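Asker: Got a structure for you, questions after.
Coordinate-derived values only; no laboratory data. The model shown is predicted, which means the values in this text are computed figures rather than measured ones. In this analysis, Cβ positions are derived from the backbone assuming ideal geometry, glycine residues included, and neighbour counts consider all displayed protein chains.
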Amino acid sequence: MDDGVFSWKQEGVLSLWRYTEFRNKFGGWHLTGNDAGVESLLSLLRLLAGDPGAYRTVTVTPPSASILRVPNYQQGDALWAAPSKWRLQCAPSGNADTWKFPLELEPAALTISEAYLPALIAGLDGIPKGEGDFCIGRPGQGNLALWFWWWPGAA
């Protein structure tokens, strides 16, 4: 691993969760973060993109009631589960169409190829601007999509 990946330190808050009931409606993982958390994650992704195969694990904060009201699934009362850690990795070159985001909670783990990196970065860039309510990924075969939601009170 490159010193940049090793020296990266997480800042801010990131919330990652998935709903545990009625999975067909809002199936997949859901993500939001405050400005510092999003910027920190973007910085990490840029480092990981330059060192395929390397990975880092970030700390996840469970979603608050105000965060859960953003997607407003069942008026924010739908049952959910959140990991305490999230492992991120860019797949080594030669794996052009990798999207692995399984259901397991501890730790949640996302491995993506370079092909998905622009969509992931664009989704993260939109969070502080109040953008969201869309997902990316290639769900199926045990892998889930990733939904983006704005941080409560953003833009």
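Asker: Near residue 25, which lysines are there with a Cα under 28 Å away, not counting those fewer than 8 places off in the same chain?
Answerer: The qualifying lysines are 85, 100, 129.
Asker: Among [x] 45; [y] 40; [z] 50, only one was calculated for this model; which label is it, if the read-out is percent of Cα pairs over 20 Å apart?
Answerer: Here the calculated entry is [x].
Asker: Quick one: dipole size for the range 5-63, taken about the Cα centre, charges +1 on Lys/Arg Cβ and -1 on Asp/Glu Cβ, in debye to the nearest 20.
Answerer: Working: 6 positive and 5 negative charges, 45 e Å.
Its charge dipole is roughly 220 debye.
Asker: Put +1 on the Cβ of every Lys and Arg and -1 on every Asp and Glu Cβ in the range 47-155; which of 59, 122, 108 then has its Cα farthest towards the positive end of the dipole?
Answerer: The one lying farthest along the dipole's positive direction is 59.
Asker: What residues have an amide H closer than 5 Å to that of residue 144, excluding those fewer than 5 places away on the same chain, when H is modeled at 1.01 Å from N in the peptide plane?
Answerer: 101
Asker: Tell me whether the range 53-119 comes out rounded, prolate or oblate; compute the Cα gyration tensor, take square roots of the eigenvalues as a ≥ b ≥ c, and use a/c under 1.5 as the rounded threshold. Write out the running numbers ahead of the final one.
Answerer: Values: a/c = 2.87, a/b = 2.03, b/c = 1.42.
Judged from the Cα gyration tensor, the range 53-119 comes out prolate (a/c at least 1.5, a/b above b/c).
Asker: I'd like the orientation of helix 117-126 relative to the chain: the angle between its Cα long axis and the longest Cα principal axis, in ° from 0 to 90, rounded to 10.
Answerer: Orientation of helix 117-126: about 40 degrees from the principal axis.
Asker: While we're here: So how strong a dipole does the chain carry about its Cα centre when Lys and Arg Cβ are +1 and Asp and Glu Cβ are -1, to the nearest 20 debye?
Answerer: Numbers: 12 positive and 15 negative charges, 66 e Å.
That gives a dipole near 320 debye.
Asker: Just in the range 1-81: which GluC sites (Glu not before Pro) are loop by DSSP and have at most 10 other Cβ atoms within 10 Å?
Answerer: On the way: sites: 11, 21, 39; in loops: 11, 21.
Filter output for the range 1-81: empty list.
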